[in-house]
Amino acid sequence: MTLPNTLDDWLAHCERLHPVTIDMTLDRVAAVRDRLGLRFQATVVSVAGTNGKGSTCAMLEAIALQAGWRVGLYSKPHLVHFEERCRIQGESLPAQELLPHFEAVEHARGDITLTWFEFTTLAILRALAQAPLDLVILEVGMGGRLDAVNAIDADCAIVTGIALDHTDYLGPDREAIGREKAGIFRGGRPAIVGDPDPPHSIAAHAQALGADLWLVGRDHAVQGDRQQWSWRGRKRRYGALAYPALRGANQLLNASAALAAFEALGDRLPITAQAVRSGLALVSLPGRFQVVPGQPVLVLDVAHNPQAVAALALNLDQMGFHPRTRAVFGAMRDKDIRGALMHIAPLVDHWHLCDLPLARAARASELADVVSTLPGPLGEAGARIGCDSSPSEALAAAAAQSDPADRIVVFGSFYTVGGVLKDGLPRLAARHLT
């Protein structure tokens, strides 16, 4: 076989290898990992959870970089370009530098069929393992116990907020999902929990393993007012902190988990209070309650399950006054679409629903059927509905109908937010009132 010679060709090759998209087992990944001789010299932190993983990883990265450590990050999914998934020293690894690692995985797998996610994960893990790094941060995919990332034994594991999502694979309730997420814990190593009300299964699993469990309120906690906040761990405290640059009601919980991880790893990766302050001030993460100034103002958020959309609705409700709110929304068919949209429907005056370029995505017309049954600002089915063939077309329609003081919220799947970012960050300039 002639090997691919571009990243796009490799990604297309990976899509053809395995008969299904998701195949929950670690056996194949572990076998190829061993053939590759994949080992990390750097300290490894893995981060799982339903919501908050990306923000927690971004905070870990930003603080560690400000402390002077050499940092690698594997995050997912990407918004526009695959290379976003692998960062070294805060910069995406160029596509050309990823190619040797794809080739190494291809040679090592032999007759083992890997899913697209498993293949690409192994390639990025190899890239990070071979880089001269002090800290590697690994964002777990939708699962935990059987996720490809869990083929690596992390020195510290973080589980963020737990909510109902991917129930076909992870279980029907928070207890089952928490048990799967806690599968990234290791005996004798720190197990940080960022959920303030975690499922009992998380603590039970940590206890059974003999992991060093850190719980919110017991081992790490936050408190604050409108101007500043403080954090306490088991032995360390940080006071008079400015709020993180990442917006949103849950970001202090994500920050608390990140700081707990640094305290737990203090003998390996000591950080200063100044690194904490600078890192939290400089952290950025596109698509997580990202507010883009303009007329109208634009809000981007990858919230796509009920818990995340509820947090988005709270954040929107705490913004300044906007005469009208228009929502651009697209999502996968297997999500709890109605359960998610119930939280935000009272805030939306007009819906711009869009198709997405995946077979498992709900069509705009299917979304319209759901939205038409929701209460809106004008009562039952009060919000108006429009359908478009892509996120960018939906955003263009929303902008064309908006006044300068209005607000447009683009949310749902990563493909929805990524679809409006593919040509760069939109800067909106609506028609002015006459």
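No value in this document is a laboratory result; all are computed from the given coordinates. From a predicted model like this one, the values you see are computed outputs, not experimental measurements. Cβ placement follows ideal geometry from the backbone for every residue including glycine, while neighbour counts extend to all protein chains displayed.
Please build a GNM for the chain, connecting alpha carbons under 10 Å apart, and tell me which residue among Asp355, Asp27, Asp388 fluctuates the most.
Asp27
Which lysines, on any chain, are close to Lys76 with Cα under 23 Å apart, when same-chain ones fewer than 8 places away are left out?
Filter leaves Lys53, Lys181, Lys335, Lys422.
Contour minus end-to-end for Gln207 and Ser278, with contour as 0.36 nm per residue of separation and end-to-end as the Cα-Cα distance? Walk me through the intermediate numbers first.
Working: separation 71, 0.36 × 71 = 25.56 nm, distance 3.52 nm.
Value of the extension gain: 22.0 nm.
When all C-alpha to C-alpha distances in the range 31-157 are sorted into bins of 10 Å, what percent of pairs does each bin hold, rounded to whole numbers?
All Cα pairs considered, the percentages come to 13, 48, 34, 5, 0.
When you have a sec, figure out the Kirkwood radius of the range 290-421 from all distinct Cα pair distances and drop it here in Å to one decimal?
About 14.1 Å for the range 290-421.
Please state, as a whole number in µm²/s, the translational diffusion coefficient that the Stokes-Einstein equation yields for the chain at 4 °C and 1.567 mPa s, with Rh defined as the Kirkwood radius across alpha carbon pairs.
Details: Rh = 22.4 Å.
Taking Rh from Cα pairs, D becomes 58 µm²/s.
Amide H to amide H, which residues 5 or more places from Met332 or on other chains are under 5 Å from it, using H placed in the peptide plane?
Counting only residues 5 or more places away or on other chains, the set is Ala362, Ser413.
Give the relative contact order (percent, whole number) for the range 290-421; include only Cα pairs under 8 Å separated by 6+ residues.
Details: 289 pairs, mean separation 47.5, N = 132.
Rounded, it is 36 percent for the range 290-421.
Checking understanding here: applying a Kyte-Doolittle mean of at least -1.0 and a length along the axis of at least 15 Å (C-alpha), which whole DSSP H helices in the chain pass?
53-66, 95-109, 116-130, 251-264, 306-317
Considering only C-alpha atoms, what is the centroid distance from the range 226-263 to the range 82-141, in Å?
31 Å
Counting other beta carbons within 10 Å of each residue's own, what order do Met332, Met142, Met59 fall into, fewest first?
Met332, Met142, Met59
Fewest to most neighbouring Cβ within 10 Å: what's the order for Ile192, Ile152, Ile184, Ile22?
Details: Ile192 30, Ile152 23, Ile184 27, Ile22 16.
Neighbour counts put them in this order, fewest first: Ile22, Ile152, Ile184, Ile192.
Can you give me the Cα centroid spacing of the range 295-341 and the range 146-206 in angstrom?
Centre-to-centre distance over Cα atoms comes out at 26 Å.
What is the fewest-to-most order of Thr43, Thr50 by other Cβ atoms lying within 10 Å of their Cβ?
Placing the least packed residue first, the sequence is Thr43, Thr50.
Among Leu128, Leu265, Leu353, determine the one that fluctuates most according to a GNM of the chain built with springs between C-alpha atoms less than 10 Å apart.
Answer for the Gaussian network model of the chain: Leu265.
In the chain, what % of DSSP beta bridges are antiparallel (nearest 5)? Let's see the in-between values first.
On the way: 19 of 60 bridges.
Expressed as a percentage, antiparallel bridges in the chain total about 30.
In square nanometres and to one decimal, what's the mean projected area of the convex hull around the Cα atoms of the range 11-57?
Numbers: hull surface 21.2 nm².
Averaged projected area of the range 11-57's Cα convex hull equals 5.3 nm².
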